[in-house]
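> Structure incoming, see below.
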Ligand code: ITT
């Protein structure tokens, strides 16, 4: 396989995916480079939404396509925001407003456990492959770090005394996305 369409408009995800494949000879083409919009994420699971995103571009271009649907599941919020992580604070949500909303909902709470989940769908040669990555952690009481995107400044993975946003390249090897990407890379190498 020498080309891979990555069905995302999220620059943070795209940067991480490109970096992950930088050691193999594969051309990464993003949805933005194809001037494509994204389909409505009407699914109620990560898998359904990742399938919607991957199928939308695969049907059009017939080039192997990878989609990522991911989210942050907070225990004390019964798993919210989960698949609604991108627009947790509403239609006009920004990363910052989502983080502020999360901090507000957890104010005074001792249980700050959370899990980051990433479900990736790869479609190649009309076959569909799935890989999941999960990382357990805790939601910090305040922002720290400037790297990454989304909830990175608040998420402290178990076993690390710092947030994803303070990790620079370390996030690229231990994150929920990295776990899923390692599985996808193994599949890609066989195609
Ligand atoms: P695409 O659908 O175009 O890929 P999106 O941002 O809408 O981009 P999702 O629907 O999968 O993607 O939403 C995932 C949200 O979860 C994302 O916007 C972030 O707020 C959060 N998220 C996912 N992975 C993250 C990570 O590694 N670090 C921080 N936040 C993350």
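A short reminder: the numbers here are calculations on the coordinates, not readings from a lab. Since this is a predicted model, take the numbers as computed values, not measurements. Here the Cβ is made from the backbone with ideal geometry for all residues, glycine too, and neighbour counts use every protein chain on show.
> To test your reading of the geometry: what angle, between 0 and 90 degrees and rounded to tens, separates the Cα axis of helix 176-190 from the longest principal axis of the chain?
10
> Moving on to the next point. How high is the relative contact order of the chain, given as a whole-number percent (alpha carbon pairs under 8 Å, six or more residues apart)?
Numbers: 358 pairs, mean separation 34.1, N = 191.
Here the relative contact order equals 18 percent.
> Counting residues in the chain as N, plug N into 2.2 N^0.38 Å and put the Cα Rg over that result.
On the way: Rg = 16.4 Å, N = 191, 2.2 N^0.38 = 16.2 Å.
Compactness ratio reported: 1.01.
> Give me the log10 of I(q) over I(0) for the range 20-127 at q = 0.12, 0.17, 0.25 Å⁻¹, as the Debye formula computes it from C-alpha points; what are the numbers?
Each listed q corresponds, in turn, to -0.53, -0.90, -1.36.
> For the range 82-173, what Kirkwood radius comes out of the mean inverse Cα-Cα distance, in Å?
Numbers: mean 1/r = 0.0692 Å⁻¹.
After inverting the pairwise mean of 1/r, the radius is 14.5 Å.
> Give or take rounding to whole Å, what are the principal axis extents of the alpha carbon atoms in the range 1-81, in descending order?
Between the extreme Cα coordinates on each principal axis of the range 1-81 lie 43, 27, 20 Å.
> Place the peptides 87-95, 136-144 in order of packing, highest mean first, counting for every residue the other Cβ atoms within 10 Å and averaging per peptide. Provide the component values of the computation, followed by the final result.
Details: 87-95: 12.9, 136-144: 16.3.
Ranking the peptides 87-95, 136-144 by packing returns 136-144, 87-95.
> Quick one: if you stick a label point 7 Å off each Cα along the C-beta vector at residue 34 and residue 127, how many nm between them?
Each label point lies 7 Å from its Cα, and together they span 2.1 nm.
> Would you mind getting the Kirkwood hydrodynamic radius of the range 123-191 from its Cα pairs, rounded to one decimal in Å? Provide the component values of the computation, followed by the final result.
Details: mean 1/r = 0.0756 Å⁻¹.
Averaging 1/r across every pair of different Cα atoms and inverting gives 13.2 Å.
> Taking a cut-off of 19 Å, what percent of all Cα-Cα pairs in the range 45-99 are separated by more than that?
Working: 627 of 1485 pairs.
Pairs farther apart than 19 Å: 42 percent.
> In addition: If I histogram all Cα-Cα distances within the range 36-75 using bins 5 Å wide from 0, what percent of pairs lands in each bin?
P(r) for the range 36-75, in whole percents per bin: 6, 25, 29, 20, 12, 5, 2, 2.
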